[in-house]
Structure formats: structure tokens, C-alpha cells
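Report on the structure given below.
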Amino acid sequence: MDALFASLYGELHRLAARHVHGLPPGGSLGTTTLVHEAYLKLRDLDGDRFADRGRFLAYASRAMRSLVIDYARRRRTKKRGGEYHLLGADQTELVAEGPREPAVESLAAAMEEVDRLDPATAQLVDLHVFCGLSLVEIAGLRGASERTLQRDWRKARLLLRHLIATAD
């Protein structure tokens with residue numbers, strides 16, 4: 001696993017940057033921290049278990065996604081004052097946020113449901129959205145045609161949109 005992480009460190013760092021991109025500024029979770037936390041989460045796994053680069057990156061992306069979700073949940077807990085945020089340097093009052101669930105939580109729940117319903121579709125979303133691989137690259141990894149992946153991607157988007165809409 002150490003060798004696998006070392007050889008793919010640059011790609012893992014870019015992957016982590018995609019995961020932390022939507023987080024609010026000022027948090028303690030950065031790209032390097034996320035890569036290292038994912039390493040700690042995955043280090044006990046057997047590196048031979050991943051047949052190719054794409055499967056490893058999809059698995060690492062899933063681990064990073066769960067770390068980001070856990071981080072977002074911890075930040076917003078009422079116990080730590082997460083339902084409040086500071087307005088600015090010149091404003092000292094705190095404002096309560098509404099009861100609306102953050103997009104991260106909705107996406108996390110939808111992705112868990114997609115993984116339960118169709119693991120191949122969940123892997124496609126991980127590879128395309130979080131790993132940044134093109135549909136052509138994913139088709140090469142899976143041994144499928146690009147047209148098939150386009151249909152699968154359309155199905156994944158519709159399924160995610162439906163799951164997120166019904167969760168609200």
C-alpha cells in the first residue's frame with residue numbers, strides 16, 4: 001500500500017483537492033491532510049486487492065468522500081456551535097443557520113443509496129466526478145464502449161438527481 005500511495009501521490013492530491021473544493025473556507029481540512037487521512041484509513045488494506053489504477057482511485061475517492069462527510073458533520077454539530085457562523089471581522093454577532101440539510105449530506109446519502117442499488121454506477125460517479133477521469137478513460141478501464149459509459153453516466157445523473165430530490 002505504501003508503494004501504491006507513493007506512486008499515485010500526485011493524483012491522490014488532485015483528487016483530494018476536488019473533494020475539499022466545496023468546503024467553506026477557514027476549515028482545518030486541506031488537500032494534504034485529506035490525502036494523509038485517507039492513507040491512514042486505507043493502509044491496512046492489501047494493495048494487491050486493486051486490479052488497476054482506476055479501481056484504487058475509486059476506492060481512495062470513496063474513502064476521501066467519507067472523511068469529508070464526517071468532517072462536515074463534525075463542523076456543524078450543535079455541540080460545537082456548528083449551527084452558527086461568524087459574519088465577518090467587523091460584525092461580532094453570530095447568526096443561526098436554517099434547518100436545511102447541507103448539500104454534502106444530501107449527496108452522501110444519495111451516493112450511499114446508489115452504492116447499495118448499483119455498485120458499478122456508484123464507482124462510475126466516483127471515477128468521473130471525484131477522480132476526474134473522462135468517460136473515455138473509464139471505458140478503457142472497464143473494457144466497455146464510450147457510448148455505453150455515456151448511457152451509464154446519464155442513468156447515474158438521473159438516479160442521483162431523483163434521490164437528492166426525494167430526500168428534501
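The values are calculated or read from the model by the stated rules, or taken from the named source; none is laboratory data. Only a predicted model underlies this, so the values are computations on that prediction, with no experimental measurement involved. Note that we place each Cβ from the backbone using ideal geometry, even for glycine, and neighbour counts take in every protein chain shown.
Here the range 36-60 is the region considered, the condition is being at pLDDT 85 or above and not acidic (Asp, Glu), and the residue that is surrounded by the fewest Cβ atoms within 10 Å (Cβ to Cβ) is Leu40. Applying a threshold of 8 Å to beta carbon distances and a minimum spacing of six or more residues, or different chains, the list of pairs starting in the range 136-148 at a residue that is under 17 Å from Asp126 (Cα atoms) and ending at one that is part of a loop (DSSP other than H, G, I, E, B) and of a type in the set (A, V, I, L, M, F, W, C) reads Leu141/Leu133.
Just name the residue that is modelled with the highest pLDDT out of those in the range 1-35 that are aliphatic (A, V, I, L, M), over 13 Å from the mean Cα position of the chain (by Cα) and assigned to a loop (DSSP other than H, G, I, E, B). By that ranking, first place goes to Leu8. Of all the residues in the range 154-168, those that are more than 21 Å from Ile69 (Cα to Cα) and surrounded by 18 or more Cβ atoms within 10 Å (Cβ to Cβ) number 0. Here Leu127 qualifies as at negative phi and touching a residue at least 60 places away in the same chain (Cβ under 8 Å).
The single condition among (1) surrounded by fewer than 16 Cβ atoms within 10 Å (Cβ to Cβ); (2) modelled with pLDDT of 70 or more that Gly98 does not meet is (2). Output the number of residues of the range 118-147 satisfying the condition of being surrounded by 13 or more Cβ atoms within 10 Å (Cβ to Cβ), among the β-branched types (Val, Ile, Thr) and either over 17 Å from the mean Cα position of the chain (by Cα) or not in a helix (DSSP H, G or I) (or both). Number of matching residues: 1. Within the range 9-22, the residues that satisfy the criterion of being in contact with a helix residue (DSSP H, G or I) (Cβ under 7 Å, 6 or more places away or on another chain) and touching a residue at least 40 places away in the same chain (Cβ under 8 Å) are Glu11, Leu12, Leu15, Ala16, Arg18, His19, Val20.
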